[in-house]
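Colleague: Structure in structure tokens, see below.
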Ligand code: CTP
């Protein structure tokens, strides 16, 4: 459970929203325990919470100023509410009262606490505390189900004797149990995808009716029947993009080189080996609304030998004559007819990432380059996460290191916005005006 690690939360930032209930005093102990483990804690009190515990107690225990009022000018000057909600690694609501759960489930933003909860891009962990009948009430249970569906995490409530003398579920989880839940939550990526890219029951089908064409994986260029030229691409990013596009309601064609991962569900996958086969499969799949070239296409092919090249004792090492492969991305981006509205390339670079990406954007004529650093230090090949920069004619947008599936969901949300805004290419105009 991690209780024993004295610095298990070192460097983590917790935004603690304290609701107005008797259990608010336990939130003070939670702050103390979080601080012991190295976490920074910023507390936000609802007006009701401030009647149970004083802001001063939280300020002294957390060592940071405590926030209460949405409309306080100094709060906005020193720390805008958006920043307050974004700087945390995790948002914790303890105690989460029935009223606060109801406001959250409704998406109300009528005070600082609920505004932060709506504006945050991080996951929220809720520790409910209320009378047992309030907890068991269908309205509360509906709200809990809604919040779970939105991705909120819960810890507790516990069963036990309550302040009101009744016995049953409704006691706030103990601070150490909340700490364990915080540690567990922080082991996962706590950054939320944009809501319209949400998965599960609320999935936005924002790409319904669109055809998204994706290339993924390496290509394999035969040298002889036994050998080939290839590269280290795992296909994880391209496949994640195809899967996310399918989840977003698009018809998806994936043209994949040889990879060791499964075909994504709901995606028409064409398996190819060489760059020339990949180009043919891509052309056969047109027209498309969006083309995303995530494959690591081998730049060169070899004139393959029909027979296995033998080394032979006396023979000099063979010379491989390389021929340039067709550039699939450039040929799709530069089509006069049937060009997809958005053409997206990837740039895997080991140095001067942005400069090379900009040059590639111009040279290939695509609308967006998703650039990443694949130097050994970045550990991207085969990894599950990726740190990318979106380079368009309008500028650069850099994203933090994200799971590849999250990069995929966000990229599609981004492209959807571009499509929806009708910023498609016309007569060589800049395609995307905002980075
Ligand atoms: N690409 C392609 N066909 C090729 C080569 C590349 O479609 N023959 C696409 C890739 O899928 C990727 C982008 O082009 O989206 C970047 O390719 P990359 O190989 O990194 O760029 P190059 O043009 O080869 O430039 P360099 O080798 O100098 O990095």
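The values are calculated or read from the model by the stated rules, or taken from the named source; none is laboratory data. Because the structure is a prediction, the values reported are computed rather than measured. We place every Cβ from the backbone using ideal geometry, glycine too, and count neighbours over all the protein chains shown.
Colleague: Answer with yes or no whether residue 359 is more than 16 Å from the chain's Cα centre (by Cα), modelled with pLDDT of 90 or more and within 23 Å of residue 328 (Cα to Cα). Talk me through it step by step, then tell me what you get.
Modeller: Values: more than 16 Å from the chain's Cα centre (by Cα): yes; modelled with pLDDT of 90 or more: yes; within 23 Å of residue 328 (Cα to Cα): yes.
For residue 359, the condition - more than 16 Å from the chain's Cα centre (by Cα), modelled with pLDDT of 90 or more and within 23 Å of residue 328 (Cα to Cα) - is met.
Colleague: Has segment 266-285 got any residue that is buried (at least 17 other Cβ atoms within 10 Å of the Cβ), assigned to a strand (DSSP E or B), within 12 Å of the ligand (Cβ to nearest atom) and at pLDDT 95 or above?
Modeller: No: segment 266-285 contains no residue that is buried (at least 17 other Cβ atoms within 10 Å of the Cβ), assigned to a strand (DSSP E or B), within 12 Å of the ligand (Cβ to nearest atom) and at pLDDT 95 or above.
Colleague: Next up: Considering only residues that are surrounded by 14 or more Cβ atoms within 10 Å (Cβ to Cβ), at pLDDT below 95 and over 30 Å from the mean Cα position of the chain (by Cα), which ones fall in segment 326-356?
Modeller: Correct list: empty.
Colleague: Still on this structure, please answer the following. Taking residue 323 and the conditions (1) within 23 Å of residue 223 (Cβ to Cβ); (2) touching a strand residue (DSSP E or B) at 6+ places or on another chain (Cβ under 6 Å); (3) surrounded by 12 or more Cβ atoms within 10 Å (Cβ to Cβ), which numbered condition does it fall short on, given that it satisfies the others?
Modeller: Just one mismatch for residue 323, condition (3).
Colleague: Enumerate the strands (runs of 3 or more DSSP E) found wholly within segment 292-390, keeping only those where 2 or more residues are in the same structural domain as residue 242 (by TED's automatic domain parsing) and near the ligand (Cβ under 9 Å from one of its atoms). Lay out the reasoning, then the answer.
Modeller: Numbers: elements: 300-302, 322-324, 342-349, 368-373.
Strands (runs of 3 or more DSSP E) meeting the threshold: 342-349, 368-373.
Colleague: Any idea which of 29, 68 is modelled with pLDDT of 95 or more and surrounded by fewer than 23 Cβ atoms within 10 Å (Cβ to Cβ)?
Modeller: Numbers: 68 fails: modelled with pLDDT of 95 or more.
It is 29.
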